[in-house]
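What follows is a short report on a single structure.
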Amino acid sequence: MKIIDKVISCPHCGHHQHINIDTSSGDQEYYDDCQICCNPIHMRMHIDPQHHKVELYIDADDEQVY
């Protein structure tokens, strides 16, 4: 199991927060609530084994942030 610690910005309020990403289960899509404004954050993770990269997409479910 490979856990990665990342700092993200909430797409609703901009607050920075730490999240742990478990890359052992492959591609994932899930929601987590912001620790400050409690709005849901949509997270989509893609594992690119060819380039040894983990791509994380964060949005408010209506626009792409990064």
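Rolling a 1.4 Å probe over the protein heavy atoms of the chain, with every protein chain left in place, gives an accessible area that is 48 percent carbon and sulfur.
Straightening the chain between Lys6 and His52 buys 14.9 nm, computed as 0.36 nm per residue apart minus the Cα-Cα spacing. The protection proxy used here, the mean number of other Cβ atoms lying within 10 Å of each residue, ranks peptides 16-27, 33-44 as follows, highest first: 33-44, 16-27.
Using bins of 5 Å that start at zero, the share of Cα-Cα pairs per bin across the chain amounts to 4, 17, 30, 25, 14, 8, 2, 0, in whole %.
The values are calculated or read from the model by the stated rules, or taken from the named source; none is laboratory data. If you're wondering where the values come from, they're calculated on a predicted model, not measured in any experiment. Every residue, glycine as well, gets a Cβ built from its backbone with ideal geometry; the counts of neighbours run over all protein chains shown. These accessible areas exclude ligands, DNA and RNA; they are computed on the full protein's heavy atoms, side chains included. Shrake-Rupley method; radii C 1.70, N 1.55, O 1.52, S 1.80 Å.
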